[in-house]
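To start, the structure under review is shown below, and the notes come after it.
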Amino acid sequence: MKTDYSKLNEKIFEIAEKFGENGAFLINHKGETVLSTVYGKNLSTEEPIEKESRYLLPLECSSMLALCAFILIGEGKLRLSDKISKFVPEFEHADKITIRHLLSGKSGIRDFYFGEIRRTLDEDNEYSSLSDFERRKRDMELYLRDYSFETVLNSIKGKELEHEPGVSGDFSASNTVFLKEIIERVSGVSAKDFIKRNIFEKLGMENTENGISEKALPLHTLFRNEEYIVFHTENTDYPFFTTTASDLEKLMLGIFEHRIFSEKIWKAATKFDSENMGLCFENLNGYPVFFLDFESFSPAIFYFDKENDFCWMLVSPCSSKYIMEGDNKYLTFSKETRMEIEPIFVFPKNTKMVPYGKKNWRQATALEIRPDQREFVSGALETIAYACAHKNHKLFVETEGGKAIGLLELSIDRKKGDYNIETVIIDRRYQGRGFGKFMLRFAVDYLKKAGAKKLSIGVNRFNIPAQKLYKSVGFKEDCVYEEGIFMTQILSED
């Protein structure tokens, strides 16, 4: 199926307008830029965003420092299993913590900012007298400072670890400072110079410079999802770099094509835990995602699809709004654009049916049916809630390349000899591609092995696509009612 990128471009603009977004969007397929567009405006000047616009990004955020660590691991100067006592022996808990723990956010090191600085700040009378809006501005200015390793070490000196290393992934700003210190001690140069030489220059990022350019778009963060606050960079010593969307594409491809670090390291970094977290990568519906983020900003997000040689990115100088639809649906610009892009190359290749559980519940609850199907089939949330309330019901998630495609609900009562296909959901974006047939064949085989000799399924009389699907896997009409059709399939004559 050939992709109509002009229609996709129109959809991106539509979503950007819905959320009031500004920035750039770019897709690369097999090393070729197939879509590159900009939208929105500079919130300070009202001038439109241009393709040559320059963006401010965090130079020494956890993700950039992770790239440095991966490079040093590739050079044999670091190992994921190294205890950090090898590099920062002065830290009292260093012998319990590894490089892997730092990169996965599971070190347990007390957060020097939120656990110490912010905690004492809340006890300050002058700070407490400020309005919520002014406090938010002060928080941002206080957080975005270049805290030295010595400052951080002294602030957490004598403090116990928050948890055993490797147990959980609670955020700690201390991890980033420790990682930077280790990189500088191992490499012998500043993190700033290491990044410039081993990333920017190596990837030919000619429009990228360390520091804050006057031409860069101003940073804005949202206050309570309503009012923007401009961040005045003249008041900070926080390390930034200035770049363009085209140079960020070079960075994205440098990661994707293993020109910064090897495929072996990529596999280690994108091996996700039960919370879908890797080593500075996150798993979003089967895609490894790399965030260049800091404070409340996510100015650049890279999405990678290895199976289809496909990656894309979003870049913005402003933190994003969210929209709540009902009680359960939390929408953002990045999520809606991802949902439009995900289906481009997704067809049955390595399709699997896996039990519903903690690894896929978030993806499963996000599955959507078409509006015209709502009178015929329950939605994902209702299906999951009903199945979880009945012990004889089983739920399976259909996946393709780690992405959730559909949801299957079966009921099995061996004592009564009752076996049913209760609900079949294929996400609206993946319908008509063969995923429904795969799911039904699995359901029939599963129930047959469970002891079923005959299967029955009800379908709305006016849901013609569903009727055709059931007939394609062996179901036949048994009874036809005013609103519904009862279909059956004989599995055994015994």
Scanning the stretch 295-304 for residues that are part of a strand (DSSP E or B) and at pLDDT below 95, the one nearest to Arg224 (Cα to Cα) turns out to be Phe297
Of the listed residues (Phe171, Phe149, Phe223), the one being assigned by TED's automatic domain parsing to the domain that holds Ser274, more than 25 Å from the chain's Cα centre (by Cα) and aromatic (Phe, Trp, Tyr) is Phe149
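If only one of Ala452, Ala443 is on the phi < 0 side of the Ramachandran plot, of a type outside the set (Lys, Arg), out of contact with any helix residue (DSSP H, G or I) (no Cβ under 8 Å at 6 or more places or on another chain) and not in a loop (DSSP other than H, G, I, E, B), which one is it? If you could, list the steps in order and put the result at the bottom.
Values: Ala452 fails: not in a loop (DSSP other than H, G, I, E, B).
Only one candidate qualifies: Ala443.
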Mind checking whether some residue in the stretch 269-288 is at pLDDT 90 or above and in a helix (DSSP H, G or I)? yes
Query raised in the report: In this structure, does Ile323 turn out to be closer than 20 Å to Leu144 by Cβ, β-branched (Val, Ile, Thr) and assigned to a strand (DSSP E or B)?
Result: no
Exactly one of Glu17, Glu21, Glu10 is under 25 Å from Leu331 (Cβ atoms) and crowded, with 16+ Cβ neighbours inside 10 Å, and that one is Glu21
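Go through the stretch 305-320 residue by residue and tally those that are surrounded by fewer than 19 Cβ atoms within 10 Å (Cβ to Cβ) and assigned to a strand (DSSP E or B).
0
Check whether at least one residue in the stretch 338-354 is surrounded by 12 or more Cβ atoms within 10 Å (Cβ to Cβ), polar (S, T, N, Q) and not in a loop (DSSP other than H, G, I, E, B), and report yes or no.
yes
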Please indicate, with yes or no, whether at least one residue in the stretch 122-129 is more than 27 Å from the chain's Cα centre (by Cα), under 30 Å from Leu57 (Cα atoms), of a type in the set (D, E, K, R) and not in a helix (DSSP H, G or I). yes
The residue from Leu253, Leu292 that alone is among the aliphatic types (A, V, I, L, M) and assigned to a strand (DSSP E or B) is Leu292
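What residue, among those in the stretch 234-250 that are part of a helix (DSSP H, G or I) and modelled with pLDDT under 95, is surrounded by the fewest Cβ atoms within 10 Å (Cβ to Cβ)?
Start the filter on the stretch 234-250 by keeping residues that are part of a helix (DSSP H, G or I), which leaves 234-235, 245-250.
Remaining after also requiring modelled with pLDDT under 95: 234-235.
Working: Glu234: 5, Asn235: 10.
For the stretch 234-250, the residue satisfying everything is Glu234.
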If we keep only residues of the stretch 388-409 that are free of Cβ contacts under 8 Å to residues at least 40 places away in the same chain and buried (at least 22 other Cβ atoms within 10 Å of the Cβ), then the residue farthest from the chain's Cα centre (by Cα) is Glu409
All-but-one check, Glu409 against (1) in a loop (DSSP other than H, G, I, E, B); (2) touching a strand residue (DSSP E or B) at 6+ places or on another chain (Cβ under 8 Å), failing number (1)
In the stretch 410-419, anything over 18 Å from Val354 (Cα atoms) and either buried (at least 18 other Cβ atoms within 10 Å of the Cβ) or in contact with a Pro (Cβ under 6 Å, 6 or more places away or on another chain) (or both) is listed as Tyr419
Conditions (1) at pLDDT 95 or above; (2) of a type in the set (A, V, I, L, M, F, W, C); (3) out of contact with any Leu (no Cβ under 9 Å at 6 or more places or on another chain) -> Ile183 fails only (3)
Being modelled with pLDDT of 90 or more, in contact with a Ser or Thr (Cβ under 6 Å, 6 or more places away or on another chain) and either in the same structural domain as Val397 (by TED's automatic domain parsing) or closer than 30 Å to Gly484 by Cβ (or both) narrows Thr351, Thr365, Thr383 down to just Thr383
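The values are calculated or read from the model by the stated rules, or taken from the named source; none is laboratory data. Small disclaimer: the values here were computed from a predicted structure and weren't measured. Ideal geometry is used to build each Cβ from the backbone, glycine not excepted, and the neighbour counts take in all protein chains shown.
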